[in-house]
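Scroll down for the structure; my scribbles are underneath it.
The values are calculated or read from the model by the stated rules, or taken from the named source; none is laboratory data. Please read all numbers here as calculations on a predicted model, not as lab measurements. Positions of Cβ are generated from backbone atoms using ideal geometry, with glycine treated the same way; all protein chains shown enter the neighbour counts.
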């Protein structure tokens, strides 16, 4: 389980996160929703060791604050960053190979969850273009590549930052389908997303952020029914 308590972080002298507390259980999808500037991406960076922070971030009881990103990744957390951050000059196949851990974690005799052949079977478009430079893929293909590259590290929890940004509705549906498959295989998801459609469709719980704090927590149905929270913290 991921346990975040009183997490504060920012840039320079500016503090963006104002004491955030949240939990993500194994195999759970938690949607973190809010306007731009509310602190969602800052939280992801702080959890993954990419930004100094105070408070506590525990993964399976172990404190993560102060660890470098590569150590955090090897403990079983993966990040799909906003903007994808693929390697545009490398082929699709080489991008996926770079997602592998140097020494795969033992899984008590269980088979690998995300072997390359399974990923290519799920996304024939990636297989067909495996020798193509990743920079010439469409936006949707690049997003799928970024997601699959993270899964190649065999994480038990992934933090996915704005996966539907700039995608057509059909491709948004493919992203939602993949995240559903991830949950079915026991992987937890902290989903940072602005679009209510995908969050309400697949999340078990929704957290609404405003001014660096959690201002609402509930099920998708409860968020749908809370017009006041949506108007104050989401709608323009």
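Determine, yes or no, whether residue 157 is surrounded by 15 or more Cβ atoms within 10 Å (Cβ to Cβ) and closer than 25 Å to residue 26 by Cβ. Judged against the criteria, residue 157 is a match. When each of 9, 31 is tested for being part of a strand (DSSP E or B) and more than 24 Å from residue 204 (Cβ to Cβ), the lone residue that passes is 9. The set of residues in the range 17-28 being in a strand (DSSP E or B) and surrounded by fewer than 22 Cβ atoms within 10 Å (Cβ to Cβ) consists of 18, 19, 21, 22, 23. When 42, 54 are checked against the criterion of being in contact (Cβ under 8 Å) with a residue 24 or more places away in the chain, outside any loop (DSSP other than H, G, I, E, B), loosely packed, with under 15 Cβ neighbours inside 10 Å and touching a strand residue (DSSP E or B) at 6+ places or on another chain (Cβ under 8 Å), a single residue qualifies: 54.
As a summary of the residue check, residue 177 satisfies the conditions (1) under 24 Å from residue 76 (Cβ atoms); (2) touching a residue at least 40 places away in the same chain (Cβ under 8 Å); (3) surrounded by fewer than 20 Cβ atoms within 10 Å (Cβ to Cβ) except for the one numbered (2).
Would you confirm, using the coordinates I've provided, whether residue 72 is in contact (Cβ under 8 Å) with a residue 24 or more places away in the chain and closer than 22 Å to residue 222 by Cβ? No. Between 121, 146, the distinction of being touching a helix residue (DSSP H, G or I) at 6+ places or on another chain (Cβ under 8 Å) and not in a strand (DSSP E or B) belongs to 121 only. I'd like the residue in the range 72-96 that is assigned to a helix (DSSP H, G or I) and at pLDDT 95 or above and, out of all such residues, is surrounded by the fewest Cβ atoms within 10 Å (Cβ to Cβ). My answer is 94. Identify, please: which residue in the range 221-236 is out of contact with any helix residue (DSSP H, G or I) (no Cβ under 9 Å at 6 or more places or on another chain) and assigned to a loop (DSSP other than H, G, I, E, B) and is, among those, surrounded by the fewest Cβ atoms within 10 Å (Cβ to Cβ)? Result: 236. The residues of the range 152-178 that are touching a strand residue (DSSP E or B) at 6+ places or on another chain (Cβ under 7 Å) and under 20 Å from residue 111 (Cα atoms), listed by number, are 153, 155, 156, 157, 158. Answer yes or no as to whether residue 207 is in contact with a strand residue (DSSP E or B) (Cβ under 6 Å, 6 or more places away or on another chain), surrounded by 20 or more Cβ atoms within 10 Å (Cβ to Cβ) and closer than 22 Å to residue 46 by Cα. Yes; evaluated as a whole, the condition is true for this residue.
Screening residue 157 against (1) touching a helix residue (DSSP H, G or I) at 6+ places or on another chain (Cβ under 9 Å); (2) in contact (Cβ under 8 Å) with a residue 24 or more places away in the chain leaves a single unmet condition, (1).
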